Amino acid sequence: MNLLSLLVLALGFMSCSDDNNEPGTDITITCSPTEINVEHEEETATIDVKVNREWMVYSNENWITCTPSSSINETGTVTVAISANGFTSKREGSVIVKSGNTRTIVPVSQEAKPEIIAPTIVPPEGYELVWNDEFLEGDRPGNGWSYETGGGGWGNNELQTYVNCSKDGEQLAIVEDGVLNIIAKKIGGTVYSIRMNTVQSWTYGYFEARLKLPAGKGTWPAFWMMPKDFKMWPDDGEIDIMEEVGYDPNVVVSTIHCKAYNHASNTQKTGNKLISTAQTEFHVYALEWTKDFIKGYVDGECYFSFDNDKAGDKNTWPFDVPFYLKLNLAWGGNWGGAQGVDETVLPATYSIDYVRVFQKK
């Protein structure tokens, strides 16, 4: 082989070498752990990295974020942020630690979001299901709901401001794992929350929701009804299926208001019941409304009853027109704040598993 051939061969060999690694440098990368396995929820993991020269770290998956992205130190800890898996299939990704042309791959495995199976709904005897929301789809309530927004006290000197689902990017009506969570939260000096109504309305029926109530002085969750063609309170009527105030924990209340019977004149018709786990467990709150009576229930037990006096007087029975359902979490106010408020309990969460409406067959 002549001298020119030897020179060409040498140049070819040099062009295939690792030009990012210094000659004579052996790069070693050690990562602990060597793999990451997480559940479907949003998770944060850490990787301890040891490299004998500067290094960088990254992922090619948009659901994995690594911080910091590089270092000149021989040792470091990388924080790996993994977003929630909203799909019903497991997903695989990786974190790549690189120095020069040397790489170490840390596999990342995330479990699938559990598939939520719609429950079997058994109507009360003599009734059939006409409307329901089981909160099984999406991350927020669907188009069967509307929102009331703003502050101003809402006639009760309440302290919160209601918003349409979110405030400054923080979602306050969140659907997750088949449950709607209404959150009252202080953001920038103001407490924000949610007040939402069904678009549809009904005259008479059996109305129920499975609820877990928030804890803390100042909270005031409610599940209630107002007339579709509301003009004046209390003349047009109000039906409170469930209310509770945080300073009197676990005492649930069912009430009707009309011109003859209302809390402004201290003549409201009401019933209450102590449910020792109302703030820690779900319970079913229901109302049966017919042309003859209104009854309030918790877990199938009737604890409030109001009969139609059949006098044909709207002042005592305005409950013969369509009403719609309402869910809200108030903060403070004439009743909720009667013993003050405790802002350390914020954010407070009111959880709704489902809302169902049945009517006579």
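Take the Cβ-Cβ distance between THR120 and GLU61 as r, set R0 to 35 Å, and report the resulting FRET efficiency rounded to the nearest 0.05. Let's see the in-between values first.
Numbers: r = 38 Å, r/R0 = 1.09.
Here the calculated transfer efficiency is 0.35.
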Sequence order, segment 243-250: Karplus ³J(HN,Hα) from phi using 6.51 cos²θ - 1.76 cosθ + 1.60, θ = phi - 60°, Hz rounded, Gly and Pro as x, gives 9, 7, 10, x, 6, 10, x, 6
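Could you tell me which of the pairs LYS167/LYS361; LYS50/LYS186; LYS326/LYS361; LYS167/LYS291; LYS228/LYS310; LYS98/LYS185 are separated by over 32 angstrom between their Cα atoms in the structure shown?
Values: LYS167/LYS361 42 Å; LYS50/LYS186 42 Å; LYS326/LYS361 24 Å; LYS167/LYS291 41 Å; LYS228/LYS310 22 Å; LYS98/LYS185 42 Å.
Over 32 Å apart, Cα to Cα: LYS167/LYS361; LYS50/LYS186; LYS167/LYS291; LYS98/LYS185.
Starting with the highest mean, order 235-244, 99-108 by the number of other Cβ atoms within 10 Å, averaged over the residues of each peptide.
Details: 235-244: 22.7, 99-108: 17.3.
Ranking, from highest mean packing down: 235-244, 99-108.
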Ordering ASP133, ASP342, ASP229 by the accessible surface of their heavy atoms, 1.4 Å probe, largest first, yields ASP229, ASP342, ASP133
Here, THR44 and PHE293, labelled 7 Å along Cα→Cβ, have an inter-label distance in nm of 5.5 nm
Listed residues VAL80, VAL345, VAL253; largest mean-square fluctuation, Gaussian network over the chain with Cα springs below 10 Å, found at VAL80
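Expected output is a single nm value to one decimal: the length gained when fully extending between VAL251 and THR149, i.e. 0.36 nm times separation in residues minus the C-alpha distance. What is it? Write down the numbers at each step before the final one.
Numbers: separation 102, 0.36 × 102 = 36.72 nm, distance 2.78 nm.
Stretched fully, the VAL251-THR149 segment lengthens by 33.9 nm.
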Extension length gain for SER305 and THR344 (0.36 nm per residue less Cα distance), in nm, is 10.3 nm
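Using heavy-atom solvent-accessible surface (probe 1.4 Å) with all chains present, what is the largest-first order of TRP131, TRP202?
On the way: TRP131 35, TRP202 10 Å².
My answer, sorted largest first, is TRP131, TRP202.
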Computed ³J(HN,Hα) along segment 252-266: with the Karplus parameters 6.51/-1.76/1.60, θ = phi - 60°, integer Hz and x for glycine or proline, the list is 9, 10, 10, 8, 10, 10, 7, 5, 7, 10, 7, 6, 5, 9, 6
To the nearest 10 degrees, the tilt of helix 3-15 (Cα long axis) against the first principal axis of the alpha carbons of the chain is 20 degrees
Per-residue ellipticity at 222 nm attributable to helices in the chain (runs of n ≥ 4 DSSP H, -39500 (n - 2.57) apiece, nearest 500 deg cm²/dmol) works out to -1500 deg cm²/dmol
In nanometres, the difference between 0.36 nm per residue of separation and the alpha-carbon distance of THR75 and ASN132 is 15.0 nm
Everything considered on the Cα gyration tensor (a ≥ b ≥ c; rounded for a/c under 1.5, else prolate if a/b is larger than b/c, else oblate), segment 106-146 must be described as oblate
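Excluding MET196 itself, calculate the net charge of residues whose Cβ lies under 9 Å from the Cβ of MET196, where each Lys or Arg counts +1 and each Asp or Glu counts -1.
Numbers: positive: ARG195, LYS326; negative: GLU148.
Computed value for this residue: +1.
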Across all Cα atoms of segment 102-187, Rg and the largest Cα-Cα distance (Dmax), in Å, are 19.6, 72
For Rg and Dmax of the Cα atoms in Å the list reads (i) 21.3, 67; (ii) 20.4, 63; (iii) 30.2, 120; the calculated value is entry (iii)
Here FRET efficiency (C-beta to C-beta, LYS90 to GLN171, R₀ 22 Å, nearest 0.05) is 0.30
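The values are calculated or read from the model by the stated rules, or taken from the named source; none is laboratory data. Since the structure is predicted, the reported quantities are computational estimates derived from the model, not experimental observations. Note: ideal-geometry Cβ built from the backbone for every residue, glycine included; neighbour counts use all protein chains shown. In case anyone asks, the SASA skips ligands and DNA or RNA and just uses the protein heavy atoms, side chains included. Shrake-Rupley method; radii C 1.70, N 1.55, O 1.52, S 1.80 Å.
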